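What follows is a short report on a single structure.
Values in this text are rule-based calculations from the coordinates and carry no lab data. The structure presented is a predicted model; accordingly, all values stated were derived computationally and were not measured. Cβ atoms come from the backbone with ideal geometry, glycine included; neighbour counts cover every protein chain shown.
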């Protein structure tokens with residue numbers, strides 16, 4: 001299916017690896033011009049080089065910025081200008097006992113997982129209204145619906161992202177701008193893979209053995225395996241395209257059946 005993305009310009013936050021990188025790769029393969037983002041100049045440059053190697057015709061550039069820092073976000077926005085597509089993917093997570101999570105860690109989770117999407121969407125939405133077309137996609141998580149006891153701070157911020165998508169969509173009434181949210185499930189992103197490898201080494205197991213054990217430990221999962229970043233990206237690409245014109249204000253699941261409730 002042609003997603004009709006040729007000529008569109010997109011920005012994907014947190015896109016030097018994992019789900020964000022998979023979304024960028026999909027967008028450039030569909031002919032969109034994309035701006036990659038990460039905190040580190042070297043990693044942004046490496047991601048841009050890798051994309052150009054995979055897709056020689058790719059129109060891809062990068063802007064490094066720590067999205068937890070409002071000043072760096074403002075600098076990024078001044079360089080970015082107008083985009084047709086905004087994918088709010090940036091996020092941080094860790095497994096930690098609720099009693100041990102400091103105020104500073106809570107604040108960083110909110111700044112990256114929620115406020116970066118607020119600041120980027122506030123910038124992009126006005127341009128989209130002026131241009132008469134636009135797509136905002138937020139990458140949330142099943143943890144925002146079924147909050148894990150050992151990741152409460154992460155789950156709360158992802159619930160906030162769901163609420164943000166719901167409210168922003170109402171502001172697009174009658175326009176050709178849409179706002180939708182992808183509710184991802186357990187995904188084998190680079191960050192998760194690194195954590196699994198470290199834990200497996202500590203327990204004297206192979207990473208594949210631990211990966212399979214973790215997946216089997218989610219009894220509600222219908223996939224019974226980790227989701228691949230490209231599988232999340234496929235849904236995000238559809239929502240970023242003109243093909244999804246009748247979908248607005250939706251929270252669409254790509255969770256592998258982990259959730260047992262209907263959004």
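First check a/c for the range 106-155, with a ≥ b ≥ c the square roots of the eigenvalues of its C-alpha gyration tensor; if it is under 1.5, answer rounded, and if not, answer prolate when a/b is larger than b/c or oblate otherwise.
It is oblate, given that a/c is not under 1.5 and a/b is not larger than b/c.
If each residue of separation counts as 0.36 nm, what is the full-extension length gain between residue 230 and residue 61 once their alpha-carbon separation is subtracted?
Here the answer is 58.8 nm.
What is the fewest-to-most order of 260, 181 by other Cβ atoms lying within 10 Å of their Cβ?
260, 181
Report, in degrees rounded to the nearest 10, the 0 to 90 angle that the Cα long axis of helix 116-131 makes with the longest principal axis of the chain.
Long axis of 116-131 versus the principal axis of the chain: about 30 degrees.
Using Cβ counts within 10 Å as a stand-in for footprinting exposure, how do 153, 42 rank, fewest first?
42, 153
Counting alpha carbon pairs within less than 8 Å and at least 6 residues apart, what relative contact order, in whole percent, applies to the chain?
Once divided by the residue count of the chain, the mean separation gives 20 percent.
Given the range 1-117, what whole percent of its Cα pairs are spread farther than 17 Å?
56 percent
Using bins 10 angstrom wide from zero, how does P(r) for the range 97-204 break down, in % of all Cα pairs?
Going from the shortest bin to the longest, the percentages are 13, 36, 31, 14, 5, 1.
Comparing 70, 56, 242, which has the greatest mean-square fluctuation in the GNM of the chain with Cα pairs linked when under 10 Å apart?
Result for the chain, Cα springs under 10 Å: 56 fluctuates most.
Taking each pair of distinct Cα atoms in the chain once, what is the resulting Kirkwood hydrodynamic radius in Å?
Averaging 1/r across every pair of different Cα atoms and inverting gives 18.7 Å.
With springs connecting C-alpha atoms under 10 Å apart, model the chain as a Gaussian network and identify which of 210, 125, 27 has the largest mean-square fluctuation.
210
Please arrange 128, 1 by how many other C-beta atoms lie within 10 Å of their C-beta, fewest to most.
1, 128
Highest mean first, what order results for 186-192, 231-237, 246-252, 138-144 on Cβ atoms within 10 Å?
Averaged packing, sorted descending, gives the order 138-144, 231-237, 186-192, 246-252.
Can you tell me how much longer the chain between residue 173 and residue 96 gets when fully stretched, taken as 0.36 nm per residue apart minus their C-alpha distance, in nm with one decimal?
Contour length minus Cα-Cα distance gives 23.7 nm.
As I understand it, the value is the acute angle between the Cα axis of helix 152-170 and the longest principal axis of the Cα atoms of the chain; what does it come to in degrees, rounded to 10?
Approximately 20 degrees, to the nearest 10.
Working out 0.36 nm times the residue gap between residue 43 and residue 260, then minus their Cα-Cα distance, what length gain in nm do you get to one decimal?
74.4 nm
For a Förster distance of 41 Å, can you work out the FRET efficiency between the beta-carbons of residue 213 and residue 107, rounded to the nearest 0.05?
Between residue 213 and residue 107 the formula returns 0.75.
Hey, what number do you get for the chain at 222 nm if only DSSP H runs of n ≥ 4 count, each worth -39500 (n - 2.57), divided across all residues, to the nearest 500?
Mean residue ellipticity at 222 nm (helix-derived): -14000 deg cm²/dmol.
I'd like the orientation of helix 18-29 relative to the chain: the angle between its Cα long axis and the longest Cα principal axis, in ° from 0 to 90, rounded to 10.
Tilt of helix 18-29: around 30 degrees.
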